[in-house]
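The values are calculated or read from the model by the stated rules, or taken from the named source; none is laboratory data. Keep in mind that this is a model prediction, so the values were computed, not measured. Glycine gets a Cβ as well: all are built from the backbone with ideal geometry, and neighbour counts include every protein chain shown.
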Amino acid sequence: MTLTITQLAALCQATVISGDGNTSIESAADIMSAQAHQVTVLSDMKYAKHLKNSQAAACFIALDNTVTDAPAQLVLLACADPEISFLTAIKQLYPEKKRTAHICTQTVIAESAVLGEEVSVGAFSTIGEACVIGDNSVIYPGVHIGNRVKLGQNCVIHPQVVIYDDSELGDNVIIHAGSVIGADGFVYKFRNNQHLKVPHVGNVVIADNVEIGANTCIDRGALGSTTIGAGSKIDNLVQLGHNNKVGKNVIICGQSGISGSCTIEDGAILAGSSGIADHVTIGHHAVVMARSGVSQDIAPATQVFGSPAKDRKIAWRELAALSKLPELLKKFKLLESRLDKLES
């Protein structure tokens, strides 16, 4: 879609403070690569140096930012939150294609399944007995939905997703390609020199506005439910074990692994490649930094790093001290040599 700068500013709650508002905007780009008829954003003043030679037609800036060396063709758009205004601009310039509800003939849908209005189901997808699919939901090709699954309104299930029996998903849930929801947890009892599988008869319950990345696995509860709170976002390649309780607005980044029966409280962040042992509680708004291994409870609103994870300031001081170890060893050997000479 093409809009004038003035039209775009009105849609994005921004004010034109310099330049020609009649210039057309066709697309968006980052501040380092934007060209003519593109809009960009100055999200941080450390990137202001890129504005001097920018070819962009317009740029969102904060209300309190003072830009003095912008090129003549660059129209500045002042707004309260440049990043949010820029995201709004992207949505306006790249509108979603209107979808026509369609049930492909190459699907297998149980007679007892109930599909809401304007539901789309792609080729080779299967929907099991007693399922309920909410209005305006989209199920892409090659999806398997088991028996008694409940899917809310406006959900998007991408290709090759598997949703096991009895799973419950709220409204506006997005699950990306290849993810598995509701597989058995990895629990065995060693008896008589063999591993005996523990039955899993629970389910997975996912609240509203949750997004789950590609190739992520969320195991069902052994007896109760594995739960994901409203607004939480889970990245690609995450393993979430059985009976975990994930709170609201939690962020779990890629390649993280959470063992069984953990509690991740509201607003917590698990950075990439985090590892969480079983029966651990991560307090609300705590941050587990990248590649950290957590074996004990983490207090709310704290930041931890390392393996085993500890307060990040302590961990960083220890790393700084460790980097000095080779120099300290040289000094130790020198002192040891001098001591030997004195003793002889």
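Inside the range 255-287, residues that are within 18 Å of Val187 (Cβ to Cβ) and either among the hydroxyl-bearing types (Ser, Thr, Tyr) or in contact (Cβ under 8 Å) with a residue 40 or more places away in the chain (or both) make up a count of 4.
Does Ser33 qualify as being buried (at least 20 other Cβ atoms within 10 Å of the Cβ), in a loop (DSSP other than H, G, I, E, B) and of a type in the set (Ser, Thr, Tyr)? The answer is no for Ser33.
Looking only at residues in the range 17-33 that are in contact with a helix residue (DSSP H, G or I) (Cβ under 9 Å, 6 or more places away or on another chain), among the hydrophobic types (A, V, I, L, M, F, W, C) and modelled with pLDDT of 95 or more, the one that is farthest from Tyr94 (Cα to Cα) is Ile25. The residues in the range 224-266 that are more than 11 Å from the chain's Cα centre (by Cα), of a type in the set (S, T, N, Q), surrounded by fewer than 22 Cβ atoms within 10 Å (Cβ to Cβ) and part of a loop (DSSP other than H, G, I, E, B) can be counted, and the count is 3.
Among the residues of the range 113-127, what is the count of those that are without any contact (Cβ under 8 Å) to a residue 24 or more places away in the chain and not in a strand (DSSP E or B)? Residues in the range 113-127 being without any contact (Cβ under 8 Å) to a residue 24 or more places away in the chain and not in a strand (DSSP E or B): 7 in total. When we screen Pro300, Pro308 for residues that are in contact with a strand residue (DSSP E or B) (Cβ under 7 Å, 6 or more places away or on another chain) and assigned to a loop (DSSP other than H, G, I, E, B), the only hit is Pro308. Being over 17 Å from Gly221 (Cα atoms) and among the charged types (D, E, K, R) is the filter; apply it to the range 134-181 and report the residue that is surrounded by the most Cβ atoms within 10 Å (Cβ to Cβ). This residue is Asp171.
Tallying residues that are closer than 15 Å to Ile17 by Cβ and free of Cβ contacts under 8 Å to residues at least 24 places away in the same chain within the range 53-68 yields 7.
From the list Lys97, Lys52, the lone residue that is closer than 30 Å to Val156 by Cβ, modelled with pLDDT under 95 and surrounded by fewer than 15 Cβ atoms within 10 Å (Cβ to Cβ) is Lys97. Cβ separations smaller than 8 Å between residues 6+ apart or across chains give the following pairs from the range 75-90 residues that are in the same structural domain as Ser18 (by TED's automatic domain parsing) to residues that are surrounded by 16 or more Cβ atoms within 10 Å (Cβ to Cβ) and in a helix (DSSP H, G or I): Val75/Ile5; Leu77/Ile5; Leu77/Leu8; Leu77/Ala9; Leu77/Ser85; Cys79/Ser85; Ala89/Leu8. Restricting the first member to the range 128-153 and to residues that are more than 18 Å from Val205 (Cα to Cα), and the second to residues that are buried (at least 22 other Cβ atoms within 10 Å of the Cβ) and of a type outside the set (A, V, I, L, M), the beta-carbon pairs closer than 8 Å and six or more apart or on different chains are Val138/Cys155; Ile139/Ser125; Tyr140/Ser125; Pro141/Ser125; Gly142/Ser125; Val143/Ser125. For the range 142-159, the criterion of being modelled with pLDDT of 95 or more, within 24 Å of Gly260 (Cβ to Cβ), among the hydrophobic types (A, V, I, L, M, F, W, C) and in the same structural domain as Lys197 (by TED's automatic domain parsing) is met by at least one residue. Quick one: in the range 57-74, which of the residues that are under 17 Å from Asp30 (Cβ atoms) and in contact with a Gly (Cβ under 9 Å, 6 or more places away or on another chain) is surrounded by the most Cβ atoms within 10 Å (Cβ to Cβ)? Filtering the range 57-74 for residues that are under 17 Å from Asp30 (Cβ atoms) and in contact with a Gly (Cβ under 9 Å, 6 or more places away or on another chain), the one surrounded by the most Cβ atoms within 10 Å (Cβ to Cβ) comes out as Ala58.
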